[in-house]
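Engineer: Provided herewith is a single structure, encoded as structure tokens, for subsequent inquiry.
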Amino acid sequence: MRDETPPLISSRCVHSMPFGTRLLADGSVLFRLWAPSALAVDLCLEKSQGRRKLYHMDTLPGGWFQRQVSAAGIGTLYCFRIDGDMLVPDPASRGQRDDVHGPSVVVDPADFLWQDDYWQGRAWEETIIYEIHTGTFSPAGTFNGIRERLPYLADLGVTAIELMPIADFPGQRNWGYDGALLFAPDRSYGRPHDLKQLIQSAHAMGIMVFLDVVYNHFGPEGNYLNVYCKESFFTEEYSTPWGAALNFTGTDSRTVRDFFIHNALYWLEEYRFDGLRLDAIHAIFDDSHPHILEEIAFSVRDGPGTARHVHLMVENENNQSHYLTRNQDSSPKYYVAQWNDDLHHACHVLLTGEKTGYYIDYADDPLHHIGRCLTEGFAYQGEVSLYRHNTCRGDTSSHLPPLAFVSFLQNHDQVGNRAEGERLTCLTPAPLLRIATSLLLLSPSPPLLFMGEEFAATTPFLFFCDFGHGFADQLATGRRRELALLTGSSDSTESSQIQDPGNIVTYQRSCLDWQEKDSENGRQMYDFYKKLLVLRRRHIVPRLSCMQGGNAQHQIIDTKALYINWLMGDGSRLKVAVNFDTKPIELKVPLSGRMLFSDPFITVSPENQQTMAPHSIVWLLDT
């Protein structure tokens, strides 16, 4: 029998960048800081027993300061003193000893010997994403805790895990979208070595690892850039929900742009991530050509993307199809896919009956919106949005293939944006949830699962953080105001009952209870997900690579049933009929082809009209 184990090839991965520290061949360390607002910068090395050694940094053109120090080395603690006053961490720190306010650590990026050079990633059509919050996924709440459960995820059928942001944030717990030091994995999750070991172990099991990154703002605590380059790094010309926008287009913007381009390349090259998901790109403002989002995409395609599969995704409330443009060979010009919030919102309205907040845009005809999402991408392609004050939203997307849209029923935002953080398991009857899950997992678009949904987890996922006292009080007030806007509620009593994000109990309640996986309901749901993912791998994935946009149709039947017909990449037809009604309906379309799956099981006779049972679904493949 031939040994299929790939040859063991080892390498060390280092991303070279103009920021932060660089270990030199003679054993010294080069320190660099961009501080255009500072008159003078000193390098401060932490010594034993609280002693410090100061080195005056040389001033270079363009606002740069640097100093080469032979007394520094791997593990040296350091920070920068601005204008003889404030001590600040390195904004490009690869690691922190304590929190975001403390000293940075000189890290040797070459100390990890990678043994996965055989790994070329996986084609996008094979993608099945499992979203993870590192701190709440495992009992350990660490990178190693995730690594221990990789065999479980591989057995389920997951081909990619996506980590919510891990960039160093203030305190011990956070969703991750309040990152302050974007190059440093948060120390509460483990060492840089642990993160690299997680990624290498995932690759050994055929699992890609994606990372959620935030390039639209910094967190409110621990960001010291406004001390020494406020006028250069930020702009008051635009505003975001988190304050001043990042300066991607004005004076000194070249260095700001490079900072984020290097951050993307750093995670992909030094940590060998397989892709990035860029958070809320609608809050990134840039009048330049090329746009910063395009420049990031080009840098990745011309860099790590030349040697292996690297996938870039976006979240974009504006539904701008431009970023999902395909080349003539069907490869993505910029980004491979967008998270399809429209599909989630329409499904949520249909499954729960909720119509407040942003769900009002889907309350008129949720089934039509679902059909449009699954066949054309966006539900809103220029139509007027009530939630957005009667403004038009979205671009035409019917020309794009289904692979350009990531589908999901739950994710961190949609669960966590609820006051009580309830999952669909607690909001939807089980039969409805089963058919919606089948619709998600077997449709052509790549599916995303939120950790725990595969075993019907009932633990909530609440918004939590660990800011200093002043920030914590402001955030709790802001969170109540934000949820009131999202839900359309002005009830101050309801608002006051929102869980305090800073209370550690809020975090503890959000941790997965893995005992639920072994309950009868947990095992049944897990088996259901696993069965569907096997069917997807065998029958759907091989037919996705050449799919084009504009070749699918949907039809509403008796107001509560949906029929969809896709032309697959190999010329076959994938069909689904689903009845969301509580009563049987007469299916007025011919169901030809081989049955792939039905729930509950039905016998299909293409010669006769079919009666679909309540809460049922049937999938067929016509070759």
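Values in this text are rule-based calculations from the coordinates and carry no lab data. For clarity, every value in this text was computed on a predicted model and none was experimentally measured. Cβ: placed from backbone, ideal geometry, glycine included. Neighbour counts: every protein chain shown.
Engineer: With a Förster radius of 30 Å, plug the Cβ-Cβ distance of ILE556 and SER398 into 1/(1 + (r/R0)^6) and report the FRET value to the nearest 0.05.
Structural biologist: 0.95
Engineer: If one computes the Cα centroid of the range 405-420 and of the range 551-585, what distance in Å separates the two points?
Structural biologist: Each part reduced to its Cα centre gives a spacing of 25 Å.
Engineer: Which whole-Hz ³J(HN,Hα) couplings does the range 442-456 yield from phi under the Karplus relation 6.51 cos²θ - 1.76 cosθ + 1.60, θ = phi - 60°, glycine and proline marked x?
Structural biologist: Running phi through 6.51 cos²θ - 1.76 cosθ + 1.60 with θ = phi - 60° gives 9, 5, x, 5, x, x, 10, 10, 9, 2, x, 5, 6, 10, 6 Hz.
Engineer: Pull out a ≥ b ≥ c, the square roots of the eigenvalues of the alpha-carbon gyration tensor of the range 352-416, then state rounded if a/c is under 1.5, prolate if not and a/b is larger than b/c, and oblate in the remaining case.
Structural biologist: Oblate, because a/c is 1.5 or more while a/b does not exceed b/c.
Engineer: Is there a quick way to get the dipole size of the range 20-111? I mean about its Cα centre, with the Cβ of Lys and Arg at +1 and of Asp and Glu at -1; what is the value in debye to the nearest 20?
Structural biologist: 160
Engineer: Can you tally the net charge around ARG52? Count Lys and Arg as +1, Asp and Glu as -1, for every other residue whose Cβ sits under 12 Å from the Cβ of ARG52.
Structural biologist: Surrounding charge for ARG52 is +2.
Engineer: Could you tell me the distance between the Cα centroids of the range 291-327 and the range 346-387, to the nearest Å?
Structural biologist: 27
Engineer: Taking 2.2 N^0.38 Å as the expected size of a compact globular protein, what ratio does the Cα radius of gyration of the range 20-111 give against it, to two decimals?
Structural biologist: With N residues counted in the range 20-111, Rg over 2.2 N^0.38 Å equals 1.00.
Engineer: Rounded to the nearest 0.05, what FRET efficiency do SER70 and ARG12 give with R0 = 30 Å and r taken as the Cβ-Cβ distance? Could you check?
Structural biologist: It comes out at approximately 0.85.
Engineer: Turning to a different aspect of this structure: Give a residue-ordered list of calculated ³J(HN,Hα) values for the range 352-359 (Karplus: 6.51 cos²θ - 1.76 cosθ + 1.60, θ = phi - 60°; whole Hz; x for Gly, Pro).
Structural biologist: With coefficients 6.51, -1.76 and 1.60, one gets 10, x, 6, 9, 8, x, 5, 5 Hz.
Engineer: Still on this structure, I have one more. Kindly provide the helix-only [θ] at 222 nm of the chain, computed as the sum of -39,500 (n - 2.57) over DSSP H runs of four or more divided by all residues, to the nearest 500 deg cm²/dmol?
Structural biologist: Rounded to the nearest 500, the figure is -7000 deg cm²/dmol.
Engineer: Can you tell me the FRET efficiency between ALA204 and ASN390 if r is taken as the Cβ-Cβ distance and R0 is 45 Å, rounded to the nearest 0.05?
Structural biologist: Using R0 = 45 Å, I get an efficiency of 0.30.
Engineer: Follow-up question, since we're still on this one. Just add up the charged neighbours of PRO366: K/R +1, D/E -1, any other residue whose Cβ is under 11 Å from the Cβ of PRO366.
Structural biologist: Neighbour charge sum, excluding PRO366 itself: -2.
Engineer: Right, another one. Just how large is the dipole of the chain about the Cα centre, in debye to the nearest 20, putting +1 at every Lys and Arg Cβ and -1 at every Asp and Glu Cβ?
Structural biologist: 1040
Engineer: If you take every residue apart from LEU621 with its C-beta less than 10 Å away from the C-beta of LEU621, what net charge results, scoring Lys and Arg +1 and Asp and Glu -1?
Structural biologist: Around LEU621, the charge tally is +3.
Engineer: Quick one: grab the alpha carbon gyration tensor of the chain, order the square roots of its eigenvalues as a ≥ b ≥ c, and give me rounded if a/c is under 1.5, else prolate or oblate depending on whether a/b is larger than b/c.
Structural biologist: Taking the square roots of the gyration eigenvalues as a ≥ b ≥ c, the chain is prolate.
Engineer: Now a separate question. If you stretched the chain out fully between LEU427 and LYS531, how much longer would it get, using 0.36 nm times the residue separation minus the C-alpha to C-alpha distance?
Structural biologist: In short, 35.1 nm is gained.
Engineer: Mind scanning LYS53/LYS230; LYS355/LYS583; LYS196/LYS230; LYS517/LYS560; LYS333/LYS355 and naming the pairs with a C-alpha gap bigger than 29 Å?
Structural biologist: With Cα atoms farther than 29 Å apart: LYS196/LYS230; LYS517/LYS560; LYS333/LYS355.
Engineer: Arrange the following residues from fewest to most other Cβ atoms within 10 Å of their Cβ: GLU422, GLU270.
Structural biologist: GLU422, GLU270
Engineer: Label the range 1-159 by shape, choosing from rounded, prolate and oblate, from the square roots a ≥ b ≥ c of the eigenvalues of the Cα gyration tensor; if a/c is under 1.5 it is rounded, and otherwise prolate applies when a/b is larger than b/c, oblate when it is not.
Structural biologist: Prolate shape, in that a/c is at least 1.5 and a/b is the bigger ratio.
Engineer: OK, next. Between LYS333 and LEU156, what length in nm is gained on full extension when 0.36 nm per residue of separation is reduced by their alpha carbon distance?
Structural biologist: Extra length from LYS333 to LEU156 when fully extended: 60.5 nm.
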